[in-house]
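The structure under discussion is supplied below as structure tokens; questions concerning it will follow.
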Amino acid sequence: MAQAVIFDMDGVLADTEAYHFEAEMLICEELEINISEKEVDSFVGLAIDKMWEKIKEKHNREEPLQYFIDFDSIFRVNFFHSIAEEGGIAPIAGVKELIEGIKNQGLKTAVASSSHPDLIKIVLEASGLLHYFPFFLSGFQVKQGKPEPDIFLEAAARLGVKPEECVVIEDSYNGVTAAKKAGMKCIGFQNPSSGFQNLSAADLVIKSFSEITPEFLKGF
């Protein structure tokens with residue numbers, strides 16, 4: 001029986017994956033990196049350091065890894081701040097009601113996202129979801145980001161529950177991989193905005209939050 005539900009943020013709580021795609025294309029343009037849309041699609045859910053390791057290697061860039069991470073973080077946080085100010089960030093249909101039901105069932109909740117901590121706060125505040133969670137974890141706050149399990153294991157530890165007592169909701173291949181490596185049950189949310197993601201390793205794949213209930217999650 002589940003004791004906690006851990007949510008990914010981008011593409012699960014808020015429909016922001018398209019904004020990340022746009023930001024990554026713009027960042028690469030600024031850095032004079034000729035990148036394809038297919039390559040950017042492959043980064044959904046991936047930790048930022050792992051993303052830039054892949055880009056550096058493929059595009060033969062010699063700058064230090066931290067240079068790219070810092071440039072990306074500053075650009076992306078400012079980009080999302082502008083979107084939030086314009087009212088462009090909203091919760092995904094049904095997720096707010098699901099979270100409220102989860103809380104009523106006595107389940108614990110947390111957010112575990114690869115995004116920068118400042119960006120997570122911007123998105124959760126803009127979507128009106130921040131107050132539902134006692135804390136959020138960023139991939140910047142753990143040793144290894146997704147697809148490694150560190151962020152989910154740390155979330156479980158902070159919640160005071162065992163990994164096998166957690167249900168993770170993810171929209172990306174990298175996120176599902178991380179959840180299963182952590183020994184957690186995982187629901188894959190097939191969000192069209194996240195591109196074609198292979199979620200076959202998830203215990204259940206859904207296309208809408210109307211397909212699951214808080215009672216179902218508790219007994220999952």
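Mind listing whichever residues of the range 72-103 are in a helix (DSSP H, G or I) and of a type in the set (Asp, Glu)?
Those that are in a helix (DSSP H, G or I) and of a type in the set (Asp, Glu): ASP72, GLU85, GLU97, GLU100.
Let me ask something else about it. Take the residues in the range 168-220 that are in contact with a strand residue (DSSP E or B) (Cβ under 7 Å, 6 or more places away or on another chain) and in a helix (DSSP H, G or I); name whichever of them is farthest from HIS20 (Cα to Cα). Even if it seems obvious, please write down each step before you answer.
From the range 168-220, those in contact with a strand residue (DSSP E or B) (Cβ under 7 Å, 6 or more places away or on another chain) are 168-171, 176, 179-180, 184-190, 199, 202-206, 212, 217, 220; that's our starting set.
Now drop any that are not in a helix (DSSP H, G or I), which leaves 176, 179-180, 217.
Numbers: VAL176: 19, ALA179: 21, LYS180: 24, LEU217: 29 Å.
Residue satisfying both the conditions and the ranking: LEU217.
Looking only at the range 82-96, which residues are without any contact (Cβ under 8 Å) to a residue 60 or more places away in the chain and surrounded by fewer than 14 Cβ atoms within 10 Å (Cβ to Cβ)?
Within the range 82-96, SER82, GLU85, GLU86, GLY87 meet the criteria.
Here's something else I'd like to know. Among what's in the range 27-50 and is free of Cβ contacts under 8 Å to residues at least 12 places away in the same chain and assigned to a helix (DSSP H, G or I), pick the residue that is least open to solvent (accessible area, probe 1.4 Å).
Checked the range 27-50; the qualifying residue least open to solvent (accessible area, probe 1.4 Å) is GLU29.
Exactly one condition in (1) outside any helix (DSSP H, G or I); (2) crowded, with 16+ Cβ neighbours inside 10 Å is not met by GLY106; state its number.
GLY106 satisfies all of (1) outside any helix (DSSP H, G or I); (2) crowded, with 16+ Cβ neighbours inside 10 Å except (2).
For the range 117-155, name all the residues that are among the basic types (Lys, Arg), part of a loop (DSSP other than H, G, I, E, B) and open to solvent by 30 Å² or more (accessible area, probe 1.4 Å).
LYS143 - this is the single residue of the range 117-155 that is among the basic types (Lys, Arg), part of a loop (DSSP other than H, G, I, E, B) and open to solvent by 30 Å² or more (accessible area, probe 1.4 Å).
So ILE69 fits all but one of (1) under 19 Å from GLU170 (Cβ atoms); (2) among the β-branched types (Val, Ile, Thr); (3) not in a loop (DSSP other than H, G, I, E, B); what number is the exception?
(1)
The values are calculated or read from the model by the stated rules, or taken from the named source; none is laboratory data. Small disclaimer: the values here were computed from a predicted structure and weren't measured. Note that each Cβ is placed from the backbone with ideal geometry, even for glycine, and that neighbours are counted across all protein chains shown. Ligands, DNA and RNA are excluded from the accessible area calculation, which covers all protein heavy atoms including side chains. Shrake-Rupley method; radii C 1.70, N 1.55, O 1.52, S 1.80 Å.
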